[in-house]
Amino acid sequence: MLRSSETFKAIGVIVFDMNNKKVQEDVPVFCYTSPPNIEADYLIYSSSFRKEAGKLQNDMYSESILISDTQFSALAEQLKETKSAEENLKQLKTILDNTHDGMIVIDQRLNITIFNKSAEKMTGLSRNEAVGKSILEVMPNSQLPRVLNTGVEEVNQEQILANGTKIYTTRTPILDKTGRKLGAFAVFKDITEIVDLAEEVTNLKSIQIMLRSIIHSSEEAISVVDEEGKGIMINPAYTKLTGYTAEQVIGKPATTDISEGESIHMQVLKTRKPVRGARLRVGPKRKDVIVNVAPIIVDGLLKGSVGVIHDVSEIKGLTEELNRARQIIRTLEAKYSFEDIVGESDEMKFAVDQAKLAASTPATVLLRGESGTGKELFAHAIHNASDRKFNKFIRVNCAALSETLLESELFGYVEGAFSGALRGGKRGLFEEANGGSIFLDEVGELSQNTQAKLLRVLQENEIRRVGGTKAIPINVRVIAATNVNLEKMIADGTFRQDLYYRLNRMPIYIPPLRARNSDILLLANHLLQKLNQDYGRNIEVISKDTEEFLLSYHWPGNVRELENILGRAIIHMSHNDTQINRDHISLLSQNNNRSESDSEKSLHADFEEITLSEQMDKFEKAILTDAIEKCKGNKTKTAKALGISLRNFYYKLEKYGLDEKARK
């Protein structure tokens, strides 16, 4: 018993017979005839040795308390129970201190016995100031004395504390088994927390009502399921599309409304990934629909999924209507503006600035540049930025029509002008464009006869129909474009010099894509968004290795080739892909090692059969090449060093095919 006790410690044992020890070696053992001279609080004896114990107390241990082993056993048990009660009391106090509610307990003399931490926080009083003192001294307005007096519990009473804090409190008397009053206690909560909680609940309800209202007012058919795939919400548009009401769907599996195909809701709940563009048939009428479904994840936990359903038949109708509208617009109006021209390079900014200047004048514009650089885009933008933008914009590809057909299309014809001519004749495109603009693409392909008639239009502002004799006045702004060297054609006698001077009044050079390398990625991302819309895809990004590959290619087909490559890549990609990688454009062949042209060879060649003009051209080309290399491809700096205008410099670059060398 002594060994198991934390209160007592055995410091020695006295026996009558040293040969009969029954104690452990860790406790010293002494003979009765020679007891040790030590201090002891208690002298515990066996009942059969009462006299001997008394003698030892008188002789050696007068300060010790004499107690029998039976008495000691009872004392130890009592102390053990007392200690257990103390531990329970400590545990209870710990619980009370950690509870969120304030708690005050008083005894029958009105003295405070318990005052927990939450009570300290709400009242502003410390426990040391409260415990042991009268409740009326610490909190004069307390109603606990009344509850102790009446013995009646008071539930959820509102009270204002001395520091102004509003609380809800419940006061309860403490009674023993016989009904005798031992004290009273109060449990109270700060009313501010309750108000905040009520406001939070109100806000949640408001958000729920708002969300439900938004979903119900949407024209899109929407369905929402929980994490088990059971319907929890639909809107009227869903009922209108599928034919199913809320009673038929809410609480039912997500497969209820599907007549053909697998549930996309269940697929999304399983993979936790959104699905777009899935084709299904829904409802009793087996309507063909496209479904987009996304998971609902809150704090990392899957709570369900939401689906948006589109009627394919409606989409088809809208698409057909849009295409018809586009066809009408393409024949009557310009589609693009300067905002649609993508480019941040100095070369492109210069070309755009020239085009904007041209748009503000009625002058004839000649757009020059390689095929695929965007000459038609510039023509649209010039018309839209001019004061003719509300009138017609007519486009003509001069290379696509035969000479006879082109002449009749441009200038019209009178009745009987040729076999098959319509009765009453026909207005030409110049007459159709009266008051607006006409875009003559590939103007270098015009025949000599048509060139002469076009010159008359530009000089006299009038046309004469095929087979007619009457001049018809017109007011048309001509925008021409070519990708051939008109100066060389003039020298060859295939293009009229006087027409060239009429067309070349406001020349604008559009640089090839290889001459504005910094615009390649900008254009690629712009075209990617356009192709996504055209093909109904969702490609988001171009990989880094693909970007490097695009930058290293010389783009002989310019922007048109770039669009073609990206479009072909998207077509061959999986519907789940969101990134264009290098292997997606494997059909593109890189060829940066271009052979040097004959005109770039040494000037010291044999000139015996070369004209003076050709020799001058070679010499000028060599000077330009040397200047470009010294200025490290900076066009503005090169033009300034040569003492010529930037526009003239661009013309010479195109003339001598040096645009590849002049890269900034």
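The values are calculated or read from the model by the stated rules, or taken from the named source; none is laboratory data. What you see is a predicted model, and the numbers here were worked out from it, not measured in a lab. Counting neighbours? That spans all protein chains shown, and the Cβs are built from the backbone with ideal geometry, glycine included. SASA here: full protein model, heavy atoms, side chains in, ligands and nucleic acids out. Shrake-Rupley method; radii C 1.70, N 1.55, O 1.52, S 1.80 Å.
Spin-label model, C31/T255: points 7 Å from Cα along the beta carbon direction are separated by 9.8 nm. Taking all protein chains together, K181, K316 sort by accessible area into K316, K181, largest first [probe 1.4 Å]. Across the stretch 630-635, computed HN-Hα scalar couplings (Karplus, 6.51 cos²θ - 1.76 cosθ + 1.60, θ = phi - 60°) run 5, 8, 6, x, 6, 5 Hz from first to last residue, x flagging Gly and Pro.
The HN-Hα couplings worked out from phi for the stretch 405-412 by the Karplus form 6.51 cos²θ - 1.76 cosθ + 1.60 (θ = phi - 60°) are 5, 5, 5, 5, 5, 6, 10, x Hz, whole numbers, x standing for Gly and Pro.
Across the stretch 201-256, the relative contact order, built from alpha-carbon pairs under 8 Å that are at least six residues apart, equals 28 percent. In the complete set of protein chains, residue-level accessible area for L2 is approximately 60 Å², probe 1.4 angstrom.
Each of M210 and E614 was given a label point 7 Å from its Cα along the Cα-to-Cβ line. The distance between the two points is 8.0 nm. For H554, nonlocal amide neighbours, meaning residues 5 or more places apart or on other chains whose placed amide H falls under 5 Å from its own, are N591.
Calculated FRET efficiency, L401 and E200, Cβ-Cβ r, R0 56 Å, to nearest 0.05? Working shown, then result.
Details: r = 74 Å, r/R0 = 1.32.
Once rounded, the FRET efficiency stands at 0.15.
Provide the FRET efficiency to the nearest 0.05 for the E153-T99 pair, computing r from the beta carbons and using R0 = 25 Å.
Values: r = 19 Å, r/R0 = 0.76.
Efficiency at R0 = 25 Å is approximately 0.85.
Using a Förster distance of 51 angstrom, determine the FRET efficiency expected from the C-beta separation of E415 and Y501, and round it to 0.05. Before the final figure, lay out the partial values.
Numbers: r = 36 Å, r/R0 = 0.71.
So the FRET efficiency works out to roughly 0.90.
With a simple spin-label model that places each label point 7 Å from the Cα along the Cα-to-Cβ direction, the separation between A627 and R568 comes to 3.9 nm. From the list (1) 158, 70, 54; (2) 90, 82, 65; (3) 78, 68, 61, can you say which value of Cα extents along the principal axes in Å was derived from the structure given? Matching entry in (1) 158, 70, 54; (2) 90, 82, 65; (3) 78, 68, 61: (1).
Rolling a 1.4 Å probe over the heavy atoms of the protein chains gives the chain an accessible area of 58 Å² per residue.
When DSSP assigns beta bridges and you keep just the ones with both residues in the chain, what percent turn out antiparallel, to the nearest 5?
Details: 56 of 84 bridges.
Expressed as a percentage, antiparallel bridges in the chain total about 65.
With respect to the chain, whose longest principal axis is taken over its alpha-carbon atoms, helix 520-535 is tilted by about 80°.
Heavy atoms only, 1.4 Å probe, whole protein assembly: order S305, S47 by accessible area, highest first.
Details: S305 0, S47 85 Å².
From most accessible down to least: S47, S305.
According to the Kirkwood relation over distinct C-alpha pairs, the hydrodynamic radius of the stretch 405-490 is 13.6 Å. Only helices enter the 222 nm calculation for the chain: every DSSP H run of n ≥ 4 contributes -39,500 (n - 2.57), and dividing by all residues gives -12500 deg cm²/dmol, rounded to 500.
In order along the stretch 552-564, the Karplus-derived 3J(HN,Hα) couplings, from 6.51 cos²θ - 1.76 cosθ + 1.60 at θ = phi - 60°, round to 8, 7, 8, 6, x, x, 6, 5, 4, 5, 4, 5, 5 Hz, and Gly and Pro are given as x.
For the pair T178 and K316, the difference between a 0.36 nm per residue extended length and the Cα-Cα distance amounts to 41.0 nm.
Can you check what the Kirkwood hydrodynamic radius comes to for the stretch 102-196, Cα pairs only, in Å to one decimal? Write out the running numbers ahead of the final one.
Details: mean 1/r = 0.0750 Å⁻¹.
About 13.3 Å for the stretch 102-196.
Which angle from 0 to 90°, rounded to the nearest 10, does the C-alpha axis of helix 312-332 make with the longest principal axis of the chain? Once rounded, one gets 40 degrees. For V466, the residues whose amide H sits under 5 Å from its own are G412, Y413, V414, ignoring neighbours fewer than 5 places away on the same chain, with H placed 1.01 Å from N.
What does the extension gain come out to for R560 and N634, with contour length at 0.36 nm per residue minus their alpha carbon separation? Each step should come with its number before you reach the end.
On the way: separation 74, 0.36 × 74 = 26.64 nm, distance 2.55 nm.
24.1 nm is the gain from fully extending R560 to N634.
For K530, the accessible area of its heavy atoms, probed at 1.4 Å with every protein chain present, is near 80 square angstrom. Among the listed pairs K349/K488; K488/K655; K426/K470, those whose Cα-Cα separation exceeds 18 Å are K349/K488.
Report the gain in length on full extension from A162 to K121: 0.36 nm times residue separation, minus Cα-Cα distance, nm rounded to one decimal.
Roughly 13.5 nm would be gained on extension.
Would you please give the residues with an amide H less than 5 Å from that of I644, counting only those at least 5 places away or on a separate chain, with H modeled from the backbone geometry? Residues meeting the amide H criterion: none. Computed from Cα positions, the angle between helix 346-359 and the longest principal axis of the chain comes to roughly 60 degrees.
Using a 10 angstrom Cβ neighbour count of at most 14 plus a DSSP loop assignment to flag exposed chymotrypsin sites (Phe, Trp or Tyr not before Pro), which longest range of the chain is free of such sites?
Working: sites that count: F16, Y32, F390, F418, F607.
Result, exposed sites excluded: 33-389.
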